[in-house]
Amino acid sequence: MSFKSILRDLKEVRDGLGGISKRTWSKSSHIAPDHTVTPSENIPQSPWASLPPELLHEIVRRVEESEAAWPARAAVVSCASVCKSWRGITMETVRVPEQCGKLTFPISLKQPGPRDLPIQCFIKRNRATATYILYYGLMPSETEKDKLLLAARRVRRATCTDFVISLSAKNFSRRSSTYVGKLRSGFLGTKFTIYDNQTASSTAQAQPKQASPKLPATSYTSGSITYELNVLRTRGPRRMHCVMDSIPLSSVISEPSLVKEEVYSGETSSTHKENISLDQPLVLKNKSPRWHEQLQCWCLNFKGRVTVASVKNFQLVADIDPSLDALPEEHERVILQFGKIGKDIFTMDYRYPLSAFQAFAICISSFDTKPACEG
């Protein structure tokens, strides 16, 4: 007997048994079974599902947190794929910065910071290479294994200066997947524009060394920074305004009033009501410093995060119209602060609604030469 005939006979036997089973089931389908079997009893459970929730949370937390490098996205996804309990713990632990105050993946650098407490970082300046590197943490560690977040390189051109921002301190090519945007200044160094590379931010993976051969030009304007001219050469910190085109004013106001009343004096006095749109871009301004008579300098309360006096030091708050029904703390809440703590070392603390990328771009604008803004 040939092999094909054996397979044909086996197929006929299988089909015959299948027909018998179908006929038997059709005749006895109206009979109720003796006992009910729940579907869950037939599903095998992973032995990892019986671990205590505290231990599961610690495992996922250690996978998610890494001070020296970005955690591998595949490792976090693998934790969520073990079982239902692991998936719940992972979703609870790995959240957006606004909710958890952590920077898990490179995409977190383009997401708003936390609302309650700021994310604390520091910037190292390398004068020889004209690079500025943003690290995650309070201050530089002794082991120099700080978590690198972003890096920028200054490129001087004939009519402007560009700060190319990347996920890598060694690759500033705009054709690479590490490219996340740039900051461009005008000729006088008093006006800057933040360009956000949407493709780089949406496709950046946990391994920033991988490069893409070509990326489409999808940069858009994220904001602009303007430094006021100091024509009188008065002493004091620089004055700046930041217009965040991608952030609405409503993000910093709880329940504002939309109606503004102004009384104009003249030949015919009248009351004018002007609607203020909460969809207009958020504007940040300097928090007013106070003059310290004993120290003979302008002072701001940086809560210990700034230790060296410098014209570069600043605190930014939201520029909210007084007619809006905003709470007093919303006028005084520091959204971004930047200051010097040592030679070529600066702190950067930011919070909602700014992202790390936007805050870093604003801070590195202070490193450009501004002879017309200083006393």
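The values are calculated or read from the model by the stated rules, or taken from the named source; none is laboratory data. From a predicted model like this one, the values you see are computed outputs, not experimental measurements. Here the Cβ positions follow ideal geometry from the backbone for every residue, glycine too, while neighbour counts run over all protein chains shown. These accessible areas exclude ligands, DNA and RNA; they are computed on the full protein's heavy atoms, side chains included. Shrake-Rupley method; radii C 1.70, N 1.55, O 1.52, S 1.80 Å.
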*Would you point out the residue of the stretch 307-344, among those that are more than 23 Å from the chain's Cα centre (by Cα) and of a type in the set (Val, Ile, Thr), that is modelled with the lowest pLDDT?*
VAL311
*Single match in ARG73, ARG62, ARG87 (criterion: of a type in the set (D, E, K, R), modelled with pLDDT of 80 or more and closer than 21 Å to LEU149 by Cα)*: ARG62
*asked:* Filter the stretch 310-356 down to the residues that are aliphatic (A, V, I, L, M), more than 26 Å from GLN280 (Cβ to Cβ) and assigned to a loop (DSSP other than H, G, I, E, B) and list them by number.
replied: VAL311
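Looking only at the stretch 334-344, which residues are in contact with a Lys or Arg (Cβ under 8 Å, 6 or more places away or on another chain) and open to solvent by 40 Å² or more (accessible area, probe 1.4 Å)? It would help to see each step written out before you state the result.
Quick first cut of the stretch 334-344, residues in contact with a Lys or Arg (Cβ under 8 Å, 6 or more places away or on another chain) only: 334-341, 344.
Within the stretch 334-344, LYS340, ILE341 meet the criteria.
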*Determine the pairs where a residue that is under 13 Å from VAL180 (Cα atoms) and part of a strand (DSSP E or B), located within the stretch 214-225, has a partner that is at pLDDT 50 or above and open to solvent by 50 Å² or more (accessible area, probe 1.4 Å) with Cβ atoms under 6 Å apart, the partner being 6 or more residues away or on another chain.*
SER219/TYR195; THR221/ASP245; SER222/SER246
*Looking at LEU215, LEU278, LEU300, which is the one that is touching a helix residue (DSSP H, G or I) at 6+ places or on another chain (Cβ under 7 Å) and either at pLDDT below 80 or open to solvent by 40 Å² or more (accessible area, probe 1.4 Å) (or both)?*
LEU215
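Yes/no matrix, rows are residues, columns are (1) farther than 17 Å from ILE362 by Cβ; (2) of a type in the set (S, T, N, Q); (3) buried (at least 17 other Cβ atoms within 10 Å of the Cβ):
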residue	(1), (2), (3)
ILE123	no, no, yes
TYR132	no, no, yes
LEU138	yes, no, no
SER141	yes, yes, no
LYS147	yes, no, yes
LEU150	no, no, yes
ARG154	no, no, yes
THR161	no, yes, yes
*Could you look through the stretch 303-324, keep only residues that are surrounded by 15 or more Cβ atoms within 10 Å (Cβ to Cβ) and of a type in the set (A, V, I, L, M), and pick out the one that is nearest to SER246 (Cα to Cα)?*
ALA318
*asked:* Considering only the stretch 185-193, I want to know if a residue exists there that is buried (at least 19 other Cβ atoms within 10 Å of the Cβ), under 26 Å from LEU282 (Cα atoms) and within 13 Å of the chain's Cα centre (by Cα).
replied: no
*Residue that is surrounded by the most Cβ atoms within 10 Å (Cβ to Cβ), among those in the stretch 78-93 that are aliphatic (A, V, I, L, M) and part of a helix (DSSP H, G or I)*: ILE89
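Which residues, taken from the stretch 131-162, are farther than 20 Å from LYS340 by Cα and among the hydrophobic types (A, V, I, L, M, F, W, C)? Step through it out loud before you land on a result.
We begin by selecting, within the stretch 131-162, every residue farther than 20 Å from LYS340 by Cα; these are 143, 145, 155-162.
Answer for the stretch 131-162, where residues must be farther than 20 Å from LYS340 by Cα and among the hydrophobic types (A, V, I, L, M, F, W, C): VAL155, ALA158, CYS160.
Would you mind stating whether LEU354 is surrounded by 21 or more Cβ atoms within 10 Å (Cβ to Cβ), out of contact with any Lys or Arg (no Cβ under 9 Å at 6 or more places or on another chain), closer than 23 Å to ILE165 by Cβ and hydrophobic (A, V, I, L, M, F, W, C)?
Values: surrounded by 21 or more Cβ atoms within 10 Å (Cβ to Cβ): yes; out of contact with any Lys or Arg (no Cβ under 9 Å at 6 or more places or on another chain): yes; closer than 23 Å to ILE165 by Cβ: yes; hydrophobic (A, V, I, L, M, F, W, C): yes.
In short, yes.
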*Looking at the stretch 246-256, is at least one residue part of a strand (DSSP E or B), modelled with pLDDT of 55 or more, open to solvent by less than 50 Å² (accessible area, probe 1.4 Å) and closer than 20 Å to CYS363 by Cα?*
yes
*asked:* Quick test for you: out of GLN111, GLN99, pick the one residue that is open to solvent by 20 Å² or more (accessible area, probe 1.4 Å) and under 16 Å from ASP349 (Cα atoms).
replied: GLN111
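Per-residue answers, yes or no, for (1) more than 15 Å from SER66 (Cβ to Cβ); (2) modelled with pLDDT under 95:
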residue	(1), (2)
GLU98	yes, yes
GLY113	yes, no
LYS124	yes, no
LEU134	yes, no
LYS145	no, yes
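Does LEU56 satisfy being over 27 Å from LEU150 (Cβ atoms), under 40 Å from the mean Cα position of the chain (by Cα) and either surrounded by 10 or more Cβ atoms within 10 Å (Cβ to Cβ) or at pLDDT 65 or above (or both)? Outline the logic, then answer.
Values: over 27 Å from LEU150 (Cβ atoms): yes; under 40 Å from the mean Cα position of the chain (by Cα): yes; either surrounded by 10 or more Cβ atoms within 10 Å (Cβ to Cβ) or at pLDDT 65 or above (or both): yes.
Against the criterion (over 27 Å from LEU150 (Cβ atoms), under 40 Å from the mean Cα position of the chain (by Cα) and either surrounded by 10 or more Cβ atoms within 10 Å (Cβ to Cβ) or at pLDDT 65 or above (or both)), LEU56 qualifies.
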_Residue pairs meeting the criteria (Cβ under 6 Å; at least 6 apart or on separate chains; first in contact (Cβ under 8 Å) with a residue 40 or more places away in the chain and among the small types (Gly, Ala, Ser), in the stretch 340-365; second part of a strand (DSSP E or B) and open to solvent by 10 Å² or more (accessible area, probe 1.4 Å))_ = SER355/PRO112
